[in-house]
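The values are calculated or read from the model by the stated rules, or taken from the named source; none is laboratory data. Here the structure is a predicted model, which is why all the values come from computation and not from measurement. Every residue, glycine as well, gets a Cβ built from its backbone with ideal geometry; the counts of neighbours run over all protein chains shown. For accessibility, only protein heavy atoms count, side chains too; no ligands or nucleic acids. Shrake-Rupley method; radii C 1.70, N 1.55, O 1.52, S 1.80 Å.
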Amino acid sequence: MTTLNNSESSKNTARRTQLFTEIESHRGYLIRFATAKLRDGAQAEEVVQETLLAALSGVDSFSGQSTLRTWLTGILKFKVIDFQRAVISERARTVSATADDDSADPEWFDKLFDETGHWKEQFSDWQTPDNALEQKQFFEAFEHCMDKLPESARRVFFQREVMGNETEEICKDEAISSSNCWVILHRARVSLRDCINRSWFQGNFG
Amino acid sequence: MSMRRDRELSTDENESLKHHLYVCINCKRFDTQLDFLSRLSKKYAQGVGMPSTATIRNIDADTDSDSDSDKA
């Protein structure tokens, strides 16, 4: 009996270790998601930590109807709301959405076009891009490219394209005008396209 | 091109963009790549490319069958 109990106990331990590894593998995405909402890396880490702990203790309620990431994101959304409620009275929105944009090279965007307003670069076709969507390394390259965006651009892009929020909501969240939001999104897309092109389709991975 | 992903374009803007994409191969290519970027972002949100939930299901199944055999 003791042997059976020991055997079950070690299986449970192995199962929990594997679950932990699997849930943990989504941490990077969850931190980006939380950072897009909270604008603060340290706070995002804290909320994600709570989310992962909640997920581990409630993993039995995961039915498999959605992907693991979608399930974790659902938990995270509630954690973010809880966190915002707790600090909303103390927090002042002081971060300007454009404050850090383009600070490294204010003219980088203009340099992409010639004097007639056309692209200087001749874009090449991406061969079978959908194949890249099957590769974990490609998503790592995508994350790397997102991390290179200015902080506010990263937040706005993430909210729009990854979270699928409407621009009105993002404008309100970021306290910026619609036109400012469109400019930030456009520049983020241009920058990401270029980064993915160089790092994957023309680079070492592709 | 980018803006049409974030707001509805007017009829004039749509016509103008359509015409431009017809004559500008480079822009057409850029537009296609922005479409791909959107698709990529959606897949990323779903966790495509990450370890699949099948692992959890398999572990559960293994644990259940092991428990059954243990009981037997």
Checklist outcome for this item: Calc'd 3J(HN,Hα), the range A:21-31, phi into Karplus 6.51 cos²θ - 1.76 cosθ + 1.60 (θ = phi - 60°), Hz, glycine/Pro = x, comes to 4, 5, 5, 4, 5, 9, 4, x, 4, 5, 5
Item to check | Average silhouette area of the range A:43-89, convex hull of alpha-carbon atoms, in square nanometres | outcome: 3.2 nm²
Checklist entry - In cubic angstrom, how much convex hull volume per residue do the alpha carbon atoms of the range A:163-206 span? => result 73 Å³
Checklist entry - Can you pull the mean other chain C-beta count within 10 Å for peptide B:28-40? => result 6
Item to check | Using θ = phi - 60° and Karplus 6.51 cos²θ - 1.76 cosθ + 1.60, couplings along the range A:158-171 (whole Hz; Gly, Pro as x) | outcome: 4, 5, 6, 8, 8, 7, x, 6, 6, 4, 4, 5, 5, 4
Checklist entry - Among residues other than B:Arg29 whose Cβ falls under 12 Å from its Cβ, what is the net charge (Lys/Arg +1, Asp/Glu -1)? => result -2
Next on the checklist: Suppose the chain between A:Ser25 and A:Glu168 were pulled fully straight at 0.36 nm per residue; how much longer would it get relative to their current alpha carbon spacing?
Outcome noted: 48.3 nm
Item to check | Whether the range A:110-201 is rounded, prolate or oblate, judged on the alpha carbon gyration tensor where a/c under 1.5 counts as rounded | outcome: oblate
Checklist entry - Label A:Ser63 and A:Thr17 with points 7 Å out from Cα along Cα→Cβ: what is the distance between them in nm? => result 3.3 nm
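Kirkwood Rh, the range A:2-87, all Cα pairs: how many Å?
13.9 Å
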Checklist entry - Accessible area of B:Val48, 1.4 Å probe, to the nearest 10 Å²? => result 40 Å²
Checklist entry - Taking K and R as +1 and D and E as -1, what net charge do the other residues with C-beta under 14 Å from the C-beta of A:Leu30 add up to? => result 0
